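Contents: one structure, followed by commentary.
The values are calculated or read from the model by the stated rules, or taken from the named source; none is laboratory data. Since the structure is predicted, the reported quantities are computational estimates derived from the model, not experimental observations. Don't worry about glycine lacking a Cβ; one is built from the backbone with ideal geometry, like all the others, and counts go over all protein chains shown.
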Amino acid sequence: MAIDVPVRPLLVPGATIGILGSGQLGRMLAMAAARLGVKCHIYAPEPGPAFDVAADFTLASYEDEAALAAFADKVAVVTYEFENVPARAAEVLAAHCPVLPDWNALATSQDRLTEKQFINSLGIATAPFAQVDDAGSLARAVAQIGRPAILKTRRFGYDGKGQTAIRDGSDLAVQFRSLGGVPCILEGLVPFLREISVIAARAADGSFAAFDVCENEHEHHILAATHVPAKVSADTAAQAIHIVHRILDGLKYIGVIAVEMFIVEEQQADGSKRERVIVNEIAPRVHNSGHWTIDGATTSQFEQHIRAICGWPLGSTHRHGRIEMRNLIGEDTNLWRDLMGESGACVHLYGKHEARAGRKMGHVTRILPEE
Ligand code: AMP
(Lines give C-alpha, C1' and ligand atoms only; values in the text may rest on other atoms or scores of the structure.)
Protein backbone atom coordinates (compact mmCIF):
# COMPACT_ATOMS: atom_id res chain seq x y z
CA MET A 1 0.00 0.00 0.00
CA ALA A 2 1.52 3.35 -0.99
CA ILE A 3 0.82 6.20 1.37
CA ASP A 4 1.86 9.79 0.80
CA VAL A 5 3.10 10.94 4.17
CA PRO A 6 2.52 14.67 4.64
CA VAL A 7 5.65 16.79 5.07
CA ARG A 8 6.76 16.29 8.64
CA PRO A 9 7.06 19.43 10.73
CA LEU A 10 9.54 19.39 13.58
CA LEU A 11 7.54 19.19 16.79
CA VAL A 12 8.09 21.56 19.69
CA PRO A 13 7.37 20.95 23.38
CA GLY A 14 3.68 21.63 23.98
CA ALA A 15 2.69 19.55 20.94
CA THR A 16 0.22 16.68 21.23
CA ILE A 17 1.05 13.24 19.90
CA GLY A 18 -1.48 10.49 19.27
CA ILE A 19 -0.96 6.92 20.50
CA LEU A 20 -2.95 3.95 19.23
CA GLY A 21 -3.55 1.53 22.09
CA SER A 22 -4.33 2.01 25.77
CA GLY A 23 -2.05 -0.57 27.43
CA GLN A 24 0.92 -0.15 29.74
CA LEU A 25 3.29 0.64 26.87
CA GLY A 26 1.07 3.60 25.95
CA ARG A 27 0.97 4.60 29.61
CA MET A 28 4.76 4.65 29.90
CA LEU A 29 5.08 6.49 26.56
CA ALA A 30 2.65 9.15 27.79
CA MET A 31 4.53 9.53 31.08
CA ALA A 32 7.85 9.97 29.25
CA ALA A 33 6.24 12.44 26.85
CA ALA A 34 4.84 14.48 29.74
CA ARG A 35 8.36 14.85 31.16
CA LEU A 36 9.39 16.49 27.89
CA GLY A 37 6.37 18.80 27.84
CA VAL A 38 4.54 16.75 25.20
CA LYS A 39 0.86 15.87 25.63
CA CYS A 40 -0.62 12.53 24.57
CA HIS A 41 -4.01 11.69 23.12
CA ILE A 42 -4.75 7.96 23.32
CA TYR A 43 -6.99 6.21 20.78
CA ALA A 44 -8.24 2.74 21.69
CA PRO A 45 -11.35 0.56 21.40
CA GLU A 46 -11.15 -0.25 25.13
CA PRO A 47 -10.12 1.81 28.15
CA GLY A 48 -6.73 0.83 29.60
CA PRO A 49 -3.83 1.96 31.79
CA ALA A 50 -2.79 4.70 29.34
CA PHE A 51 -6.09 6.58 29.74
CA ASP A 52 -5.25 7.42 33.37
CA VAL A 53 -2.15 9.44 32.48
CA ALA A 54 -3.01 11.02 29.12
CA ALA A 55 -4.24 14.54 28.37
CA ASP A 56 -7.08 13.21 26.21
CA PHE A 57 -8.48 9.98 24.82
CA THR A 58 -10.82 8.69 22.14
CA LEU A 59 -12.74 5.48 22.81
CA ALA A 60 -13.61 4.11 19.37
CA SER A 61 -12.92 1.10 17.17
CA TYR A 62 -10.09 0.91 14.62
CA GLU A 63 -12.80 0.62 11.94
CA ASP A 64 -14.43 3.95 12.84
CA GLU A 65 -12.98 6.12 10.07
CA ALA A 66 -14.68 9.32 11.21
CA ALA A 67 -13.27 8.92 14.73
CA LEU A 68 -9.81 8.11 13.33
CA ALA A 69 -9.85 11.21 11.13
CA ALA A 70 -11.04 13.47 13.98
CA PHE A 71 -8.29 12.05 16.24
CA ALA A 72 -5.56 12.51 13.60
CA ASP A 73 -6.62 16.13 13.06
CA LYS A 74 -5.99 16.88 16.75
CA VAL A 75 -2.44 15.51 16.95
CA ALA A 76 0.90 16.35 15.32
CA VAL A 77 2.02 12.75 14.81
CA VAL A 78 0.50 9.33 15.45
CA THR A 79 2.42 6.38 16.87
CA TYR A 80 1.31 3.10 18.41
CA GLU A 81 2.01 0.76 21.27
CA PHE A 82 1.05 -2.45 19.49
CA GLU A 83 1.60 -3.60 15.93
CA ASN A 84 -1.73 -5.11 14.94
CA VAL A 85 -3.17 -1.87 13.64
CA PRO A 86 -5.46 -2.63 10.67
CA ALA A 87 -4.07 -1.48 7.32
CA ARG A 88 -7.11 0.66 6.58
CA ALA A 89 -6.80 2.49 9.94
CA ALA A 90 -3.15 3.31 9.19
CA GLU A 91 -4.16 4.55 5.74
CA VAL A 92 -6.93 6.81 7.09
CA LEU A 93 -4.61 8.26 9.74
CA ALA A 94 -1.72 8.81 7.30
CA ALA A 95 -3.96 10.92 5.08
CA HIS A 96 -4.27 13.40 7.98
CA CYS A 97 -0.91 13.38 9.76
CA PRO A 98 2.40 11.46 9.87
CA VAL A 99 2.24 7.94 11.31
CA LEU A 100 5.57 6.80 12.75
CA PRO A 101 7.03 4.22 12.43
CA ASP A 102 5.42 4.09 8.97
CA TRP A 103 3.10 1.52 7.46
CA ASN A 104 5.94 -0.33 5.75
CA ALA A 105 7.50 -1.24 9.14
CA LEU A 106 4.14 -2.20 10.57
CA ALA A 107 3.12 -4.34 7.60
CA THR A 108 6.50 -6.12 7.50
CA SER A 109 6.32 -7.16 11.14
CA GLN A 110 2.58 -7.95 11.28
CA ASP A 111 3.10 -11.09 9.22
CA ARG A 112 5.69 -13.66 10.33
CA LEU A 113 6.23 -14.72 6.71
CA THR A 114 6.97 -11.24 5.27
CA GLU A 115 9.01 -10.45 8.39
CA LYS A 116 11.28 -13.48 7.94
CA GLN A 117 11.56 -12.93 4.18
CA PHE A 118 12.59 -9.31 4.80
CA ILE A 119 15.20 -10.32 7.42
CA ASN A 120 16.64 -13.01 5.14
CA SER A 121 16.72 -10.51 2.23
CA LEU A 122 19.23 -8.51 4.31
CA GLY A 123 21.39 -11.63 4.62
CA ILE A 124 20.43 -12.05 8.31
CA ALA A 125 19.67 -15.54 9.66
CA THR A 126 16.28 -16.65 11.01
CA ALA A 127 15.00 -20.10 12.01
CA PRO A 128 14.35 -22.21 8.90
CA PHE A 129 10.72 -21.69 7.90
CA ALA A 130 8.10 -22.69 5.33
CA GLN A 131 4.75 -21.22 4.35
CA VAL A 132 1.70 -23.25 5.45
CA ASP A 133 -1.75 -22.52 4.00
CA ASP A 134 -3.52 -25.83 4.60
CA ALA A 135 -2.97 -29.32 6.03
CA GLY A 136 -1.39 -30.45 2.73
CA SER A 137 1.22 -27.71 2.72
CA LEU A 138 1.88 -28.44 6.41
CA ALA A 139 2.82 -32.03 5.49
CA ARG A 140 5.22 -30.71 2.81
CA ALA A 141 6.65 -28.14 5.25
CA VAL A 142 7.26 -30.84 7.88
CA ALA A 143 9.06 -32.96 5.26
CA GLN A 144 11.28 -29.95 4.49
CA ILE A 145 11.91 -28.59 8.02
CA GLY A 146 11.73 -31.83 10.05
CA ARG A 147 10.46 -32.43 13.57
CA PRO A 148 10.32 -31.03 16.20
CA ALA A 149 9.07 -27.75 14.74
CA ILE A 150 6.70 -24.95 15.73
CA LEU A 151 3.60 -24.06 13.75
CA LYS A 152 2.74 -20.36 14.18
CA THR A 153 -0.09 -18.27 12.81
CA ARG A 154 1.32 -15.66 10.43
CA ARG A 155 -0.60 -12.88 12.14
CA PHE A 156 -1.84 -11.83 15.59
CA GLY A 157 0.45 -14.04 17.70
CA TYR A 158 1.85 -12.82 21.01
CA ASP A 159 3.11 -14.29 24.30
CA GLY A 160 3.10 -17.77 22.73
CA LYS A 161 -0.52 -17.49 21.54
CA GLY A 162 -1.17 -18.79 18.03
CA GLN A 163 1.58 -21.44 18.25
CA THR A 164 1.67 -25.21 18.54
CA ALA A 165 4.54 -27.71 18.64
CA ILE A 166 4.80 -30.33 15.91
CA ARG A 167 6.43 -33.44 17.39
CA ASP A 168 6.86 -37.03 16.32
CA GLY A 169 3.39 -38.51 16.08
CA SER A 170 1.55 -35.15 15.95
CA ASP A 171 -1.57 -35.31 13.77
CA LEU A 172 -0.88 -32.54 11.26
CA ALA A 173 -4.50 -31.89 10.24
CA VAL A 174 -5.55 -31.62 13.92
CA GLN A 175 -2.61 -29.30 14.71
CA PHE A 176 -3.41 -27.05 11.74
CA ARG A 177 -7.09 -26.85 12.72
CA SER A 178 -6.16 -26.10 16.38
CA LEU A 179 -4.82 -22.73 15.22
CA GLY A 180 -8.08 -21.94 13.41
CA GLY A 181 -7.08 -23.05 9.92
CA VAL A 182 -5.53 -19.63 9.20
CA PRO A 183 -2.33 -19.00 7.17
CA CYS A 184 0.71 -20.14 9.18
CA ILE A 185 4.43 -20.72 8.97
CA LEU A 186 6.31 -23.75 10.20
CA GLU A 187 9.56 -22.91 11.97
CA GLY A 188 12.39 -25.29 12.77
CA LEU A 189 13.11 -25.50 16.50
CA VAL A 190 16.23 -23.46 17.29
CA PRO A 191 18.40 -25.14 19.97
CA PHE A 192 19.18 -21.83 21.59
CA LEU A 193 21.53 -21.21 24.48
CA ARG A 194 20.02 -17.85 25.35
CA GLU A 195 17.29 -15.47 24.26
CA ILE A 196 18.31 -11.85 23.87
CA SER A 197 16.78 -8.65 22.57
CA VAL A 198 18.15 -5.37 21.32
CA ILE A 199 16.17 -2.19 21.85
CA ALA A 200 17.33 0.53 19.50
CA ALA A 201 16.15 3.72 17.87
CA ARG A 202 16.60 5.43 14.53
CA ALA A 203 15.90 9.14 14.14
CA ALA A 204 14.60 11.01 11.10
CA ASP A 205 18.17 12.02 10.16
CA GLY A 206 19.23 8.35 10.12
CA SER A 207 21.14 8.50 13.41
CA PHE A 208 21.06 5.29 15.44
CA ALA A 209 21.34 4.45 19.15
CA ALA A 210 21.07 1.04 20.82
CA PHE A 211 20.73 0.08 24.47
CA ASP A 212 22.98 -2.69 25.80
CA VAL A 213 21.92 -6.19 24.82
CA CYS A 214 19.21 -7.65 27.09
CA GLU A 215 18.95 -11.30 28.09
CA ASN A 216 15.41 -12.55 28.53
CA GLU A 217 13.86 -15.32 30.60
CA HIS A 218 10.41 -16.55 29.59
CA GLU A 219 7.95 -18.56 31.66
CA HIS A 220 4.90 -20.07 29.94
CA HIS A 221 5.89 -18.03 26.82
CA ILE A 222 5.61 -14.75 28.75
CA LEU A 223 8.62 -12.57 29.56
CA ALA A 224 9.43 -13.15 33.23
CA ALA A 225 12.75 -11.32 33.62
CA THR A 226 15.36 -9.32 31.72
CA HIS A 227 19.03 -9.13 32.70
CA VAL A 228 21.43 -6.55 31.29
CA PRO A 229 24.09 -6.93 30.11
CA ALA A 230 23.36 -10.27 28.45
CA LYS A 231 25.94 -12.97 29.14
CA VAL A 232 27.31 -12.97 25.59
CA SER A 233 30.76 -12.14 24.24
CA ALA A 234 31.54 -8.56 23.22
CA ASP A 235 31.71 -9.80 19.61
CA THR A 236 28.24 -11.35 19.80
CA ALA A 237 26.79 -8.21 21.39
CA ALA A 238 28.31 -6.08 18.60
CA GLN A 239 26.97 -8.52 15.99
CA ALA A 240 23.45 -8.34 17.49
CA ILE A 241 23.46 -4.53 17.51
CA HIS A 242 24.82 -4.41 13.96
CA ILE A 243 21.96 -6.68 12.82
CA VAL A 244 19.42 -4.30 14.35
CA HIS A 245 21.10 -1.31 12.76
CA ARG A 246 20.77 -2.97 9.34
CA ILE A 247 17.10 -3.82 9.97
CA LEU A 248 16.35 -0.21 10.97
CA ASP A 249 18.15 1.20 7.93
CA GLY A 250 16.44 -1.39 5.70
CA LEU A 251 13.03 -0.22 6.93
CA LYS A 252 14.03 3.50 6.94
CA TYR A 253 12.58 3.26 10.40
CA ILE A 254 11.80 6.19 12.70
CA GLY A 255 11.25 5.33 16.38
CA VAL A 256 12.18 2.59 18.83
CA ILE A 257 12.23 -1.04 17.74
CA ALA A 258 12.84 -4.29 19.61
CA VAL A 259 14.43 -7.27 17.90
CA GLU A 260 14.26 -10.61 19.70
CA MET A 261 17.05 -13.05 18.89
CA PHE A 262 18.34 -16.48 19.77
CA ILE A 263 21.97 -17.23 20.57
CA VAL A 264 23.09 -20.66 19.41
CA GLU A 265 26.46 -22.20 20.01
CA GLU A 266 28.12 -23.82 17.02
CA GLN A 267 31.02 -26.21 17.02
CA GLN A 268 33.81 -25.14 14.67
CA ALA A 269 35.95 -27.51 12.58
CA ASP A 270 38.84 -27.03 15.06
CA GLY A 271 36.58 -28.08 17.98
CA SER A 272 36.16 -24.53 19.35
CA LYS A 273 32.70 -23.09 19.94
CA ARG A 274 31.27 -19.94 18.41
CA GLU A 275 28.11 -17.98 19.24
CA ARG A 276 25.76 -17.24 16.39
CA VAL A 277 22.85 -14.77 16.36
CA ILE A 278 19.50 -15.77 14.81
CA VAL A 279 16.65 -13.28 14.61
CA ASN A 280 13.35 -14.51 16.06
CA GLU A 281 11.04 -11.53 15.63
CA ILE A 282 10.71 -7.78 15.34
CA ALA A 283 8.41 -5.62 17.48
CA PRO A 284 8.08 -2.19 15.79
CA ARG A 285 7.54 -0.43 19.11
CA VAL A 286 8.79 -0.09 22.66
CA HIS A 287 9.11 -3.48 24.32
CA ASN A 288 8.77 -5.19 27.70
CA SER A 289 12.47 -6.17 27.70
CA GLY A 290 13.31 -2.44 27.58
CA HIS A 291 11.36 -1.41 30.69
CA TRP A 292 14.59 -1.40 32.72
CA THR A 293 15.71 1.70 30.80
CA ILE A 294 13.28 3.88 32.80
CA ASP A 295 15.40 3.49 35.94
CA GLY A 296 18.60 2.01 34.55
CA ALA A 297 19.58 4.23 31.61
CA THR A 298 20.12 7.92 31.00
CA THR A 299 17.27 7.98 28.45
CA SER A 300 14.41 5.48 28.69
CA GLN A 301 13.18 3.58 25.64
CA PHE A 302 9.93 5.54 26.00
CA GLU A 303 11.63 8.93 25.96
CA GLN A 304 13.82 7.75 23.06
CA HIS A 305 10.73 6.88 21.04
CA ILE A 306 9.15 10.27 21.75
CA ARG A 307 12.40 12.01 20.76
CA ALA A 308 12.62 10.05 17.49
CA ILE A 309 9.03 10.66 16.37
CA CYS A 310 9.22 14.35 17.32
CA GLY A 311 12.32 14.75 15.12
CA TRP A 312 14.55 15.48 18.11
CA PRO A 313 18.10 14.23 18.81
CA LEU A 314 18.28 10.75 20.31
CA GLY A 315 19.34 10.59 23.96
CA SER A 316 22.22 8.74 25.60
CA THR A 317 21.64 5.01 26.12
CA HIS A 318 24.22 4.85 28.91
CA ARG A 319 23.37 2.13 31.47
CA HIS A 320 23.74 2.89 35.17
CA GLY A 321 24.63 -0.58 36.51
CA ARG A 322 23.87 -4.27 36.18
CA ILE A 323 20.15 -4.64 35.70
CA GLU A 324 17.51 -7.13 36.72
CA MET A 325 13.93 -6.40 35.65
CA ARG A 326 11.14 -8.74 36.75
CA ASN A 327 7.58 -8.59 35.53
CA LEU A 328 4.79 -8.69 38.10
CA ILE A 329 2.41 -11.13 36.46
CA GLY A 330 -1.06 -11.91 37.81
CA GLU A 331 -0.96 -12.31 41.58
CA ASP A 332 2.74 -11.29 41.78
CA THR A 333 1.34 -7.80 42.03
CA ASN A 334 0.18 -8.57 45.59
CA LEU A 335 3.86 -8.28 46.56
CA TRP A 336 3.71 -4.54 45.93
CA ARG A 337 3.96 -3.53 49.59
CA ASP A 338 7.03 -5.71 50.26
CA LEU A 339 8.68 -4.48 47.08
CA MET A 340 8.09 -0.88 48.02
CA GLY A 341 9.82 -1.56 51.32
CA GLU A 342 12.87 -2.97 49.55
CA SER A 343 15.65 -0.44 49.30
CA GLY A 344 16.66 0.12 45.68
CA ALA A 345 13.73 -1.70 44.09
CA CYS A 346 12.13 0.53 41.44
CA VAL A 347 8.47 -0.48 41.45
CA HIS A 348 6.11 0.22 38.55
CA LEU A 349 2.40 -0.63 38.75
CA TYR A 350 0.17 -0.24 35.73
CA GLY A 351 -3.07 0.51 37.59
CA LYS A 352 -4.92 -2.56 36.24
CA HIS A 353 -7.75 -3.58 38.52
CA GLU A 354 -8.02 -7.31 37.98
CA ALA A 355 -4.92 -9.50 38.52
CA ARG A 356 -5.82 -12.22 36.01
CA ALA A 357 -3.33 -15.10 35.51
CA GLY A 358 -0.78 -14.22 32.82
CA ARG A 359 -1.66 -10.51 32.91
CA LYS A 360 1.24 -8.05 33.15
CA MET A 361 0.38 -5.93 36.20
CA GLY A 362 3.66 -4.11 36.73
CA HIS A 363 7.41 -4.63 36.93
CA VAL A 364 10.28 -4.08 39.30
CA THR A 365 13.79 -3.05 38.29
CA ARG A 366 16.85 -3.57 40.48
CA ILE A 367 20.11 -1.82 39.68
CA LEU A 368 22.97 -3.91 41.00
CA PRO A 369 26.73 -3.30 41.13
CA GLU A 370 28.55 -4.34 37.94
CA GLU A 371 30.09 -7.83 38.22
P1 AMP B 1 7.49 -15.84 19.54
O2 AMP B 1 6.06 -15.49 19.80
O3 AMP B 1 7.79 -16.20 18.15
O4 AMP B 1 8.44 -14.80 20.10
O5 AMP B 1 7.78 -17.13 20.44
C6 AMP B 1 7.66 -17.13 21.85
C7 AMP B 1 8.76 -17.97 22.48
O8 AMP B 1 8.71 -19.33 21.97
C9 AMP B 1 10.17 -17.49 22.15
O10 AMP B 1 10.57 -16.46 23.02
C11 AMP B 1 10.97 -18.79 22.34
O12 AMP B 1 11.19 -19.05 23.71
C13 AMP B 1 10.04 -19.84 21.79
N14 AMP B 1 10.28 -20.02 20.34
C15 AMP B 1 9.64 -19.40 19.34
N16 AMP B 1 10.11 -19.78 18.12
C17 AMP B 1 11.07 -20.68 18.37
C18 AMP B 1 11.94 -21.46 17.53
N19 AMP B 1 11.87 -21.41 16.19
N20 AMP B 1 12.82 -22.29 18.13
C21 AMP B 1 12.90 -22.38 19.48
N22 AMP B 1 12.10 -21.68 20.33
C23 AMP B 1 11.19 -20.86 19.79
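Among the candidates D52, D56, the residue that is acidic (D, E) and in contact with a strand residue (DSSP E or B) (Cβ under 6 Å, 6 or more places away or on another chain) is uniquely D56.
Screening the range 266-293 for residues that are within 20 Å of E187 (Cβ to Cβ) and of a type in the set (V, I, T) and picking the one that is surrounded by the most Cβ atoms within 10 Å (Cβ to Cβ) gives I282.
Residues considered: A234, A240, A230. Of these, the only one that is free of Cβ contacts under 8 Å to residues at least 40 places away in the same chain, within 19 Å of V277 (Cβ to Cβ) and buried (at least 20 other Cβ atoms within 10 Å of the Cβ) is A230.
A single member of F129, F156 is out of contact with any Pro (no Cβ under 8 Å at 6 or more places or on another chain) and either modelled with pLDDT of 95 or more or away from the ligand (no atom under 13 Å from the Cβ) (or both), and it is F129. For the range 36-114, the helices (runs of 4 or more DSSP H) that sit wholly inside it and include 2 or more residues that are touching a residue at least 60 places away in the same chain (Cβ under 8 Å) are 87-94, 103-110.
Candidates are the residues of the range 201-213 that are crowded, with 24+ Cβ neighbours inside 10 Å and either in a strand (DSSP E or B) or within 10 Å of the ligand (Cβ to nearest atom) (or both); the one that is nearest to the chain's Cα centre (by Cα) is A201.
Scanning the range 167-196 for residues that are under 29 Å from A225 (Cα atoms), in a loop (DSSP other than H, G, I, E, B) and more than 10 Å from the ligand (Cβ to nearest atom) turns up R167, L179, L193.
The set of residues in the range 238-273 that are farther than 17 Å from A201 by Cβ, away from the ligand (no atom under 16 Å from the Cβ) and not charged (D, E, K, R) comprises A238, Q239, Q267, Q268, A269, G271, S272.
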